[in-house]
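A short worksheet on the structure shown next.
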Amino acid sequence: METTQIDMTRIPQHIAIIMDGNGRWATERGQSRSFGHRAGVESVRAVTTVCKNIGVKYLTLYTFSTENWNRPADEVAALMALVLSALEEEIFMKNNVRLRVIGDFDRLPSVVQDKLNEVMDHTRANDAMTMTLALSYSSRWEMTKAVKEIAAEMAAGHLKEDDIDEAMVSAHMNTNYMPDPDLLIRTGGEVRVSNYLLWQIAYSELYFCDTYWPDFKEDQLLEAIADYQSRQRRFGKTEAQVEELEQS
């Protein structure tokens, strides 16, 4: 699919992706699951480049969930090693992309934390797009943390109950520096959101495909965006109300 086949005036500002299917892709080829995770890095590079080139401002990738800590120790170790090897500054600097991370950062191995901090610091001034890795992340963990922070502020006398609204809750989320996703993509054939950005995707368009993540490249991304552009986003309004607003 060519970029000329999508409406460049209606590119989603923020795309979030659940990168699923690496292990099954590898197993079908008689390879280890870690082989699939390594192949998936190439899709990250391809999708990052395309997103930047077409004007996506925020790309958030579900890289490692808090539940993934329960996977076999050798797979977890391989995934952590892959994070390190994949953090090549070239992909960020070449595309003028800033790196950020959301999740339980302190739970990551110190060597991974150090590398992430290094790349985040070196890419801080990049402004074409922000790529956020959700590492050691789950939405329930994030929301629990937000509730604790708000409760602590109330206990300290800095907040009253009436001060708490949606904007305040959003401000306590790890994602408070970016808009909510316009489009959530999940690859790999599963049709669920797996504890990912549950607060933020309240009005996101959801796109599920059977393609395993290692096979998800430019064409597949553009197909997802074309599908997104075929929908009418109503945010609780009627179709007639939205059309009236679009015509005004």
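Descriptive notes on the structure:
- The residues of the range 55-73 that are in contact (Cβ under 8 Å) with a residue 12 or more places away in the chain and either farther than 20 Å from Arg186 by Cβ or in a strand (DSSP E or B) (or both), listed by number, are Gly55, Lys57, Tyr58, Leu59, Thr60, Leu61, Tyr62, Thr63, Phe64, Ser65, Trp69.
- Tally, over the range 90-128, of residues that are in a helix (DSSP H, G or I) and open to solvent by 50 Å² or more (accessible area, probe 1.4 Å): 13
- On inspection, Glu142 qualifies as charged (D, E, K, R), in contact (Cβ under 8 Å) with a residue 40 or more places away in the chain, out of contact with any Phe, Trp or Tyr (no Cβ under 6 Å at 6 or more places or on another chain) and under 22 Å from Ala202 (Cα atoms).
- When residues of the range 232-245 are limited to those that are open to solvent by less than 70 Å² (accessible area, probe 1.4 Å) and within 23 Å of the chain's Cα centre (by Cα), the one modelled with the highest pLDDT: Gln232
- Residue tally, condition more than 16 Å from the chain's Cα centre (by Cα) and touching a residue at least 24 places away in the same chain (Cβ under 8 Å), over the range 185-208: 2
- Residues satisfying the stated conditions in the range 216-227, i.e. buried (at least 17 other Cβ atoms within 10 Å of the Cβ) and either part of a helix (DSSP H, G or I) or at positive phi (or both): Glu218, Gln220, Leu221, Leu222, Glu223, Ala224, Ile225
- The sole residue among Asp127, Asp182 that is under 27 Å from Gly55 (Cβ atoms), of a type in the set (Asp, Glu), without any contact (Cβ under 8 Å) to a residue 60 or more places away in the chain and in contact with a Lys or Arg (Cβ under 9 Å, 6 or more places away or on another chain) is Asp127.
- The residue that is farthest from Met19 (Cα to Cα), among those in the range 175-194 that are open to solvent by 30 Å² or more (accessible area, probe 1.4 Å) and of a type in the set (S, T, N, Q), is Asn176.
- Among the residues of this structure, Val169 counts as one that is assigned to a helix (DSSP H, G or I) and either open to solvent by less than 40 Å² (accessible area, probe 1.4 Å) or modelled with pLDDT under 95 (or both).
- Any hit, the range 197-215, residues being surrounded by fewer than 14 Cβ atoms within 10 Å (Cβ to Cβ), aliphatic (A, V, I, L, M) and over 14 Å from Ile17 (Cβ atoms): yes
- Test: residue in the range 68-78 that is surrounded by 15 or more Cβ atoms within 10 Å (Cβ to Cβ) and in contact with a strand residue (DSSP E or B) (Cβ under 7 Å, 6 or more places away or on another chain): no
- Contact map, the range 74-99: first residue of a type in the set (Phe, Trp, Tyr), second residue surrounded by fewer than 19 Cβ atoms within 10 Å (Cβ to Cβ) and at pLDDT below 85, Cβ cut-off under 7 Å, separation 6 or more or different chains; the map is empty.
- Across the range 129-163, the number of residues qualifying as surrounded by 14 or more Cβ atoms within 10 Å (Cβ to Cβ), among the polar types (S, T, N, Q) and part of a helix (DSSP H, G or I) comes to 1.
The values are calculated or read from the model by the stated rules, or taken from the named source; none is laboratory data. As the structure is a computational prediction, the values presented were derived from the model and not from experiment. Because the Cβ atoms are built from the backbone with ideal geometry, glycine has one as well, and the counts that use them run over all protein chains shown. Please note that ligands, DNA and RNA were not included when accessible areas were found on the heavy atoms of the full protein model with its side chains. Shrake-Rupley method; radii C 1.70, N 1.55, O 1.52, S 1.80 Å.
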